[in-house]
1. With unit charges on the beta carbons (Lys and Arg positive, Asp and Glu negative) and the dipole taken about the Cα centre of the chain, which residue among 421, 123, 233 sits farthest to the positive side?
2. For segment 168-288, with all protein chains present and a 1.4 Å probe, just round the carbon and sulfur fraction of the accessible area to a whole percent.
3. Could you tell me the center-to-center distance, by alpha carbons, between segment 332-410 and segment 140-191 in angstrom?
4. State, to one decimal in nm, how far the label point of residue 388 lies from the label point of residue 73, with both points 7 Å from Cα in the Cβ direction.
5. At 0.36 nm per residue, minus the direct Cα-Cα distance, what do residue 99 and residue 188 gain on full extension? Give it in nm, one decimal, please.
6. Let me check I've understood the local charge: for residue 247, count other residues with C-beta under 14 angstrom from its C-beta, Lys and Arg +1, Asp and Glu -1. What total comes out?
7. Looking at segment 109-175 from every direction and averaging, what is the projected area of its Cα convex hull in nm²?
8. Write down the accessible area per residue of the chain in Å², having rolled a 1.4 Å probe over the full set of protein chains.
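The values are calculated or read from the model by the stated rules, or taken from the named source; none is laboratory data. Only a predicted model underlies this, so the values are computations on that prediction, with no experimental measurement involved. As a convention, Cβ positions derive from the backbone with ideal geometry for all residues, glycine included, and neighbour counts pool all protein chains shown. Keep in mind that these areas ignore ligands, DNA and RNA; they rest on the heavy atoms of the full protein, side chains included. Shrake-Rupley method; radii C 1.70, N 1.55, O 1.52, S 1.80 Å.
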Amino acid sequence: MALKPFSTTLLVSLLVSPLAIAEKADLLSIYKLALENDAQFASAREQFNASQEADDQGLAGLLPQINLSASTSNSKSVQLQNGISGRTGGGNTHGWGATLQQPIFQLSSWFNYTKSKKVVSQAEKQLSLETQSLILRVAEAYFNALRAEDSLETAKARETAFKRQYEQAQQRFEVGLIAKTDVLEAKAVYDNARVTRITAENDVEVSYEAIRTITNQLPGDLGKLDKNMPVKAPTPAKIESWVKTALKSNLAVQVANEAAKVAEEEVKRQKAGHAPTVNAKAEYGHLAQPSTRSAFTDSNGKTNTTTYSLNFNFPIYSGGLTSSQSREASSLLAKAMHDKDFQVRTTYQQTRNFFNTVNSDVQRVDARWQSTISSASALEATESGYEVGTRNIIDVLEAQSNLYNSQQDYLNARYDFIINTLKLKQQAGTLSPDDLTELNKWISKSDDTELLPAIKDSEKL
């Protein structure tokens, strides 16, 4: 259903922010700023970068370990003869050594490596989920700001109309056409409209601050939603198709699934603590000591040593630590499986809920449109009756309130449709920047974006 355009005479201009810039911001420009400046997404990106290191760390436990060491020391000895110092000796002792160790059989290191692969895969899914979250947060902040601006626009129009009614009531009272109570009633409604307008102005500022939180700067004037934007039911039209796609592609489910795989590998790693280990080692050392001379030896003090060894270690008892860590890992695996099951159930529920909600939104937008037209016609008839004396001021004020409420409900229904459609796609795992690109086609930077009917022109719709 393509929404029909119509003009308005009772709505004032959009609120212009004092910090507005010449070029109006659109949805994609806000998203680009969010990609660069959103602290939550930046945190997720750094977490992803950190998780990528798990792969190299896991592989390191299977690769050779090479160590180089060196030392030097000086010594001095004094030989005493009958308490009197005699010959002195000593000198510098120095040396260096290199060790290469290659794990031959270490189950815990192997399972740590396979676990690292699952950690990396989970991190990739988590970053994709955070990207979808950013898309949705940007859209919600943007359209909530437009919602707040429309509410302010309606509130100002309401205040203007009720002020006019109050002034007309005063004039009629002064010439004796109406009672004082009608004037007081009109004033009460006008005062209430002023309060609504003040609240709406604050809501606009609050909504702009929400955008600033994501982009780290206040936006300029925002592009408005085009009056011809279509409101269509989800495709495919069958709810089970959406559920099937969601259970397969929902990123939260995938993250939970990867978390369960990580926990499973951790169980294997902890249980491998009971297994024996085999390491091959090669060592080379060089040691230089002060020269020694005696009746039996004549040495220059230099020694080179090369050693090859194969080391076998079988842990028998570690105070119960390995068994305790294995039980802990098993419990965490069970938790991860329950978390996965919960996420699957939640996704199933949310997908069905949003599918039904979006379909309801489509009908609601159409119904709100018709209600707005009917309210405009009803107001016109009530005003005509008031002119000839068959309706009173209370009837007119009530009819005007009904029109403005209908207008606001209609605009809110459009924004609800957009947000709920994006949430449905997020549940299905298909939400992407392309959805913002498509929506951005309906963001107009011109001022010709009136969405509400003029009271006097309702019969032309």
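1. Farthest along the dipole direction, towards plus: 123.
2. The computed percentage sits at 52.
3. Segment 332-410 and segment 140-191 have Cα centres spaced 23 Å from each other.
4. A separation of 11.8 nm, rounded to one decimal place.
5. Contour length minus the Cα-Cα distance gives 23.0 nm.
6. Values: positive: 244, 248, 340, 345, 352; negative: 240, 341.
Once all neighbours under 14 Å are counted, the net charge is +3.
7. Values: hull surface 23.6 nm².
Projected area, direction-averaged: 5.9 nm².
8. 54 Å²
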